[in-house]
Each structure stands twice: as structure tokens, then as C-alpha cells.
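The values are calculated or read from the model by the stated rules, or taken from the named source; none is laboratory data. Predicted model, so just to flag it, every value in this text is computed and none were measured. Here Cβ is always computed from backbone atoms with ideal geometry, including for glycine, and neighbour counts include all displayed protein chains. When the accessible area is computed, the model is the full protein with side chains, heavy atoms only, and any ligands, DNA or RNA have been set aside. Shrake-Rupley method; radii C 1.70, N 1.55, O 1.52, S 1.80 Å.
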Amino acid sequence: MTRPVFIGLDMGASRTKVVAIDDQGTLLGHAVKKSGIDFAATAAICLDDALAGAGAGRSDIAAAMATGYGRSNVAFVTSRSKTEISCHARGCFHSFPEALTIIDIGGQDNKIIKLDAAGRRQGFKMNRKCAAGTGAFLEEMSARLDIPLEEMNNLARRATEMIKIGSYCTVFSATEVLESIRHGKPVADIIKGIFYSMIQRVLEMDSLTEKVVLCGGVVAHNPYLVEMTEEMIGRPVLLPEYPQLTGAIGAALFAREEAGKR
Amino acid sequence: MAQEKQPQRKKIESTGRMMKIMSEYFYDLNAAAESPDRKVAWCTSVGPAELLRAMGFAVHFPENHAAMLGATRMATELIPEANTIGYSPDICSYLTADIGAHLKGISPLARAYPGIEAPPRPDVLVYNTNQCRDVQDWFSWYAREFNVPCIGITSPKNFTDVSEILVDDVSRQIEALIPTLEEVSGQPLDMARLRETVALSRECTELWRQVLETAMAVPAPLTFFDGTIHMGPAVVLRGTRQAVDYYRQLLAELQQRIADGSGAVDDELYRIYWEGMPVWGRLRQHSELFARLNVSVLVSTYCSSWIFPDFDPEEPIRSMARAYLGLFIVRSDTYKEQYIKQMLEKFHIDGIIYHDAKTCPCNSNSRYGMPQRLERETGIPSLVISGDLNDLRCVSDEQTVTNVEAFIEQLEERKDHA
Ligand code: SF4
């Protein structure tokens with residue numbers, strides 16, 4: 001056996017993220033894949049990729065915990081699962097050990113989580129049953145505009161103006177977007193408006209404390225969202241090194257703690 | 001896979017007896033509707049049922065029927081029927097489910113009680129808007145449908161104290177109902193019988209209070225989910241001997257559980273206050289979800305709303321007015337917050353869950369900053385879950401589970417740090 005690794009697996013509705021950390025909490029390997037329809041198979045592939053990155057094998061796993069939407073579909077965990085709320089909180093506090101407001105923008109939902117200076121959760125909010133402000137909203141808009149998701153970020157950055165969207169509703173927003181296209185508005189300005197609307201939907205969920213962390217896959221792939229958020233709230237935002245992995249890292253840290261108690 | 005623990009919920013033995021008296025109640029209602037000598041009144045849940053019973057009416061409660069539509073998960077299919085005739089999906093899903101069921105000629109009563117096809121045809125409809133305006137609209141629709149009178153009490157709202165001015169107002173409104181009711185029933189109001197009914201209502205709700213207060217014990221012998229089932233007689237048989245006898249039996253069983261140290265949920269770790277309506281179509285799932293987490297949701301505003309300490313046979317009409325005005329739902333947030341605060345203390349509560357029911361604003365107390373205020377004042381954490389009483393299109397099970405589990409993890413963290 002080489003050295004023990006601790007696995008965290010964040011099985012999101014859209015993407016599966018797996019990390020391997022060592023007993024110091026250092027990230028050794030990670031993998032991200034589309035969750036698809038066979039959650040168990042995706043989890044297994046991600047696990048092997050993350051282990052390969054860490055130069056380890058399955059026999060090196062000291063403990064493993066799952067989180068996220070598909071947390072109960074995973075076979076190789078050793079600890080009882082925890083929600084992504086707890087895991088994002090744990091992962092972010094690991095990077096920024098101070099009182100925080102964490103904003104996680106995921107593929108299907110958003111969360112705002114508040115921690116005190118000791119990392120204790122003060123409260124949390126999840127978006128209601130609605131795509132407003134989530135990655136799903138962005139995907140829908142990219143489909144409507146016929147612009148690949150990966151290009152949205154750079155286009156938004158190039159905007160000279162911003163065309164705001166008025167509606168909560170994804171479908172009505174799409175109609176507004178089509179209306180703007182019909183009027184010949186620049187696509188970049190429209191996309192900036194889409195980004196703005198996403199952040200606005202998230203910010204109106206709760207009040208923010210001084211230090212704000214942004215995380216989640218949507219942020220990882222669209223760094224311009226971070227800049228816009230900073231502008232909108234009027235102060236810098238903290239960004240973890242791997243914004244998409246905070247949930248998985250949190251799960252791995254919990255797995256390590258629980259193994260320590262055993 | 002880490003083994004998930006199987007939920008453990010304990011069955012209440014008295015349930016059989018309750019089913020029996022509820023069944024007798026429904027068969028009697030059906031018989032009353034079929035008999036030329038008897039009259040049927042429909043009444044809102046905290047409407048003047050005492051008056052109706054004392055005047056010999058068989059009393060049907062459409063809210064009870066609507067809750068059955070919810071619990072049997074028939075409601076979601078029926079609501080659109082009412083939507084198509086102009087009743088919005090955003091208004092009370094009791095109303096829309098019940099009217100939808102009528103339009104489709106469907107009733108859960110027909111499934112549960114062979115020989116009964118539908119709710120009893122009304123001779124008069126009597127509402128009290130103390131809970132919401134929707135009941136008046138709901139009953140008015142049936143009044144047109146059946147061509148029968150619809151009368152009621154238009155209640156004052158949002159007051160902190162039940163002043164004598166308000167009691168005067170509602171007493172007069174109750175008195176004003178009497179001539180129409182006498183005309184429909186064909187008999188004059190007998191005050192002695194009204195006193196007797198009010199006395200029985202008082203006794204019933206007093207026993208119901210004692211039943212609910214058994215949950216002060218640690219571990220709690222009954223949960224909110226049990227309460228929503230066992231409140232049936234307190235709602236539909238208030239003012240009758242059967243209800244009183246039933247709650248005596250239930251109380252004895254729960255007291256025995258306390259003596260045995262037996263909780264409704266195994267290894268109770270956390271104690272939760274439920275604010276708002278149940279999600280009727282998810283009672284079982286919710287009850288199992290909390291049991292799996294060793295969490296007892298043990299007290300609620302909703303079940304406690306059928307406790308009326310004001311009923312007084314010496315002063316039947318005024319005390320009815322007082323009781324109907326004393327209801328939680330009709331009061332100001334100032335009153336509601338005081339009420340919840342003392343409940344949190346009395347029942348040793350670790351957290352509050354607010355159910356924000358999409359179609360019932362009056363029972364959704366999370367919309368005007370109450371969770372934040374109460375949390376600041378008591379330090380007891382809260383969670384708001386979005387859902388609905390009857391319309392399962394407004395319910396996201398995955399979101400509910402994640403929210404609840406995350407909330408319990410938050411309580412765990414607090415305990416670990418304490
Ligand atoms: S209080 Fe709510 S559920 Fe009850 S009748 Fe009114 S709107 Fe419907």
C-alpha cells in the first residue's frame with residue numbers, strides 16, 4: 001500500500017465530481033464527468049480517474065463519502081452521505097477559514113450558505129423549484145441563441161452594453177432574448193444581460209455577509225460571472241482554486257474526519 | 001454502500017377506533033342527505049359548527065373532503081378541472097381539488113366507504129372567513145351549483161388581541177345566521193341544546209389539547225404526522241359525544257407510551273416544530289424521512305388550531321365568537337410570534353420548519369419575515385420548504401429531502417460545537 005487516500009464524490013444532477021485527498025487535506029487527484037443516466041457507472045469511472053491522478057488504487061482508499069443529488073446511488077462509500085450544503089460549506093471553509101457567505105451556482109440549483117468564523121453553519125437557502133439563476137437557465141439560453149455554452153463567457157466579456165432580462169421565468173426570458181435578436185441587438189450584450197439576470201436571481205435569495213465565496217461548475221466555466229458579481233456587490237469575491245470541486249473536497253474532508261473518529 | 005437505516009414509526013393502536021367513528025360519521029352524513037326528514041349543512045373548519053349541530057343539521061366539512069383528496073393523491077389530477085372554469089392554479093388547492101372532484105363526479109369517500117358516492121348534498125352552506133377568503137368563494141360556487149343559500153361570518157382579521165368590540169361584531173353575525181338556519185331546518189334554535197353542544201366542543205378540544213401536549217414528553221409519543229390523522233374527529237365531530245370518548249381513549253394510550261418511555265420515533269435526537277399545513281399527498285414520505293433521521297416533528301400550529309379554550313356553555317354565542325376569533329390564522333404576526341415562542345419553549349424545540357404552501361398564503365407564515373425575526377429572538381434555527389397542501393405539481397421531493405437533511409446536519413453541527 002502507498003499512502004491512504006480519502007475520497008469525496010459529488011454526484012450532481014448535471015456533473016459528477018470525484019476528488020482524492022491525502023491525510024493533510026491536499027488534493028491529489030480529481031475527475032469531472034457528465035452524470036448521465038447511469039450514476040453508478042459514472043461514479044466508478046470518475047473514481048478510477050481521480051485515483052489514477054493521485055497515483056493510487058482502490059485498495060488505498062481509507063474512507064469515502066458521497067454527496068449531491070445522486071448521493072445514495074453510489075456503491076463504494078464508507079460513510080453515511082451528507083448533503084451538498086454541508087459539503088460545499090466544509091470545502092469552502094477549508095480554503096477560507098473565516099466567516100463566509102457561500103454562493104454555489106450548480107447545474108440544477110443554487111445555494112446560499114452562511115458560516116460563522118468557526119465554520120458553523122448559520123443557515124442556508126436553496127432556490128425554489130425553478131431554473132432561474134441556475135446552470136440549466138444558461139444552457140437553455142445557449143440553445144436558444146445557438147451559441148455553444150463554452151463561448152458564452154468570452155462573448156459576455158466583449159459586451160459594450162447590457163440588455164437586461166425582466167422575467168423570472170426561463171421560458172419568458174427566452175422570449176425576451178428572441179425579441180432582442182429580432183431587433184438586431186448585439187449577441188454579446190444579450191449574453192451579458194443573461195449573466196446579469198442569473199446573478200441577480202441568486203443574490204435576491206438572501207442577504208450577504210462581508211466575505212463572499214463563489215463556487216460551483218457554472219462559476220468554474222464562466223469566470224466573467226465572478227467579475228460581474230464583484231461589480232454588483234461592490235467588493236471582491238473569494239474564489240477557491242477549484243470552484244467546481246468544493247462539494248467533493250468537503251465530502252472527502254468529512255470522510256477523513258470520520259475515519260479519524262473510528 | 002453505507003447502510004441507510006430503515007424508518008421506524010410506531011402505530012397508534014387507537015387508530016382502528018378512530019376509523020370506525022369516522023366511518024360512522026360519513027355513513028350518517030350520507031343517510032342524512034338521503035332522508036327527507038334531515039338537513040345537511042356544509043361548514044368551514046372553524047365555522048359555526050356548534051350552531052349547526054344544535055339545530056339538528058348533519059354537518060359536512062368540505063376542507064376535510066379536500067384533505068382526503070390530497071392524502072389519496074387524487075387532488076393533482078382534479079385541480080385542473082377547476083382551473084379550466086376560471087379558478088386559478090394559484091388559489092386554494094382545497095377549493096380547486098374539491099370543485100374539480102365535483103365536476104368529475106369523483107370522491108375518495110366512494111373508495112373508502114362502499115355505498116357512498118359523493119359528499120352529501122347541502123341544504124345550506126355556512127362559512128367563516130376567519131381563515132381566508134377562499135372559503136367564501138368555494139361555498140358560493142356550490143350555492144350556485146345546488147341552488148341553496150350560502151351564508152356566513154365575515155371575520156375581522158390581523159388583530160393582536162381579541163377585543164370585546166370584535167366579539168360583539170362576530171356574535172351579532174352569528175345571531176344573524178339563525179333566521180335562515182331556522183327556515184332551512186324548519187325548527188327554532190333550542191338554546192339548551194346549543195349550550196350542550198358548546199360544552200361538548202369545549203370538552204373535545206380540551207382533550208385534543210391534552211393529546212397534543214403529550215408531545216412535551218421526551219421522547220415525544222406522537223408526531224405531527226400522527227396528529228394530522230388523529231385530528232379528524234376534532235374537526236368533523238366537534239360538539240359530539242363520540243369525539244370526546246375517542247380522545248379519552250387516545251390520551252390514555254399516549255400517556256401509557258410516556259410511562260413506558262416509548263417515543264413515536266426511535267432514538268429521538270432532534271425535536272421540530274412544524275409551521276404551516278401538511279403536504280397531504282406526502283404524509284407518509286415525510287413521516288418516514290424524519291423517522292429515518294431520528295427526528296421528531298412533534299408539534300405544529302396546524303394541529304393546535306383546533307384547541308378552543310374559549311367555548312363556554314354559559315355564554316354560548318359570545319364564546320363561539322371568541323373561539324372563532326381566537327384562531328391562530330386570523331391573528332396578527334405579533335400574536336403569532338408570541339404564540340410560537342411559547343410553544344418552542346414548552347415543547348423543547350431544536351428547530352422550526354415552515355411549509356410555504358404555494359396556494360395557501362394564510363397558512364404560510366414565512367412570507368413576511370417571521371422566520372428571520374423568530375430566529376433572531378430565540379436563536380432557534382429555521383428552514384423554509386416550498387410545497388403545497390394538495391397540488392403536488394408544486395412539490396419537489398428531491399428539494400425537500402435535501403433541504404431537510406441539510407437542516408438536520410446544521411442542528412448536528414450546533415450540537416457538536418455546543
Ligand atoms: S386556509 Fe388555505 S387551505 Fe384552508 S381553505 Fe383557506 S386557502 Fe384553502
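Which value in deg cm²/dmol, rounded to the nearest 500, describes the helix-derived mean residue ellipticity at 222 nm for chain B, given -39,500 (n - 2.57) per DSSP H run of n ≥ 4 and division by the residue count? Intermediate results must be reported in sequence, preceding the final value.
Values: 18 runs with 222 residues, N = 418.
Calculated from helices alone, the mean residue ellipticity at 222 nm is -16500 deg cm²/dmol.
Where Lys and Arg each count +1 and Asp and Glu each count -1, what net charge lies around residue B:312 among other residues with Cβ under 11 Å from its Cβ? Walk me through the intermediate numbers first.
Details: positive: B:195, B:202, B:318, B:322; negative: B:310, B:314, B:315.
Residues close to residue B:312 contribute a combined charge of +1.
So if R0 is 41 Å, what FRET efficiency would residue A:183 and residue B:367 give, r being the distance between their Cβ atoms, rounded to the nearest 0.05? Write out the running numbers ahead of the final one.
Details: r = 37 Å, r/R0 = 0.91.
Efficiency at R0 = 41 Å is approximately 0.65.
Amide H contacts for residue A:238 (H built 1.01 Å from N in the peptide plane; partners 5 or more residues away or on another chain; cut-off under 5 Å): A:212, A:213, A:214. Here the dipole of the stretch A:1-96 is about 220 debye; that uses its Cα centre as origin and unit charges on the Cβ of Lys and Arg (positive) and Asp and Glu (negative).
A crude spin-label estimate for the pair residue A:108 and residue B:160, with each label 7 Å from Cα along the Cβ direction, gives 4.6 nm. What is the set of long-range amide H partners of residue A:64 at a cut-off below 5 Å, with H atoms built 1.01 Å from backbone N? For residue A:64, whose amide H was placed from the backbone, the distant partners under 5 Å are A:7, A:78, A:79. Straight-line reach from residue B:341: taking Cα to Cα under 22 Å and skipping same-chain neighbours fewer than 8 places apart, the lysines in range are B:157, B:415. Hey, could you get me the Stokes-Einstein D for the protein assembly as shown, Kirkwood radius over alpha-carbon pairs, 37 °C and 0.692 mPa s, rounded to whole µm² s⁻¹? Stokes-Einstein gives a translational diffusion coefficient of 119 µm²/s.
Most tightly packed first, judged by the mean number of other beta-carbon atoms within 10 Å of their residues, the peptides B:385-393, B:186-194, B:242-250 read B:385-393, B:242-250, B:186-194. Between residue B:416 and residue B:10, full extension at 0.36 nm per residue minus the direct alpha carbon distance yields a gain of 143.3 nm. Surface composition of the stretch B:15-417: carbon and sulfur make up 49 percent of the accessible area, probe 1.4 Å.
Could you tell me what percent of the DSSP beta bridges with both partners in chain A are antiparallel, to the nearest 5? Kindly include the intermediate steps, with their values, before the conclusion.
Numbers: 24 of 35 bridges.
Looking only at bridges with both residues in chain A, the antiparallel portion is about 70 percent.
Simple rule: put +1 on each Lys or Arg Cβ and -1 on each Asp or Glu Cβ in chain B, find the dipole, and look at B:340, B:170, B:107; the Cα lying farthest toward the positive end is B:107.
Pairs of Cα atoms nearer than 8 Å and 6+ residues apart set the relative contact order; for chain A it is 24 percent.
The residues of the protein assembly as shown present an accessible area of 40 Å² per residue when probed at 1.4 Å with all protein chains retained. May I ask for the longest run of chain B untouched by GluC sites (Glu not before Pro) that are loop-located per DSSP and have at most 10 neighbouring C-beta atoms (other than their own) within 10 Å? Result for the longest clean stretch: B:5-313.
Counting only Cβ charges, +1 for Lys and Arg and -1 for Asp and Glu, the dipole size of chain B around its Cα centre is about 340 debye. Taking the square roots of five times each eigenvalue of the Cα gyration tensor of the stretch B:15-417, the equivalent ellipsoid has semi-axes of 33, 24, 21 Å, listed largest first. Which residues belonging to the stretch A:129-172 lose at least 10 Å² of 1.4 Å-probe accessible area when the assembly is complete, relative to their chain isolated? In the stretch A:129-172, residues shielded by partner chains: A:129. Rounded to the nearest 5, the antiparallel percentage of DSSP beta bridges internal to the stretch B:15-417 is 0%.
What residue among A:133, B:230, B:242 has its Cα farthest toward the positive end of the dipole of the protein assembly as shown, where the charges are +1 on Lys, Arg and -1 on Asp, Glu, each on the Cβ? So the residue we want is A:133. Dividing the C-alpha radius of gyration of the stretch B:310-418 by 2.2 N^0.38 Å, with N its residue count, gives 1.31.
With all protein chains in place and a 1.4 Å probe, the accessible surface of the stretch A:105-239 carries 51 percent carbon and sulfur. Magnitude of the charge dipole for the protein assembly as shown, about its Cα centre and with charges confined to Cβ atoms of Lys, Arg (+1) and Asp, Glu (-1), is about 820 debye. Treating r as the C-beta distance of residue A:59 and residue A:38 and R0 as 25 Å, the FRET efficiency rounds to 0.55.
Accessible area lost on pairing B with A, both sides, 1.4 Å probe, Å² to nearest 100? Can you show the working numbers first?
Numbers: alone 17230 and 12090 Å², together 27150 Å².
Chains B and A together bury approximately 2200 Å².
Taking every DSSP beta bridge that has both ends in the protein assembly as shown, the antiparallel portion is near 40%. Estimated from the Cβ-Cβ distance and a Förster radius of 45 angstrom, the FRET efficiency linking residue B:88 and residue B:260 is about 0.35. Here's the picture: charge each Lys and Arg Cβ at +1 and each Asp and Glu Cβ at -1 in the protein assembly as shown, and of A:52, A:187, B:31 the one pushed furthest to the positive end of that dipole is A:52. Give me the percent relative contact order of the stretch B:29-176, please, defined on Cα pairs under 8 angstrom at least 6 residues apart. The normalised contact order for the stretch B:29-176 reaches 22 percent. What is the local net charge at residue A:187, summed over the other residues whose Cβ is closer than 13 Å to its Cβ (Lys, Arg +1; Asp, Glu -1)? Neighbour charge sum, excluding residue A:187 itself: +2. Normalising the average separation of contacting C-alpha pairs (under 8 angstrom, six or more residues apart) by the number of residues puts the relative contact order of the stretch B:15-417 at 18 percent. Of all aspartates and glutamates in the structure, those lying under 18 Å Cα to Cα from residue A:211, and not within fewer than 8 positions of it along the same chain, are A:98, A:104, A:116, A:227, A:230, A:231, A:241.
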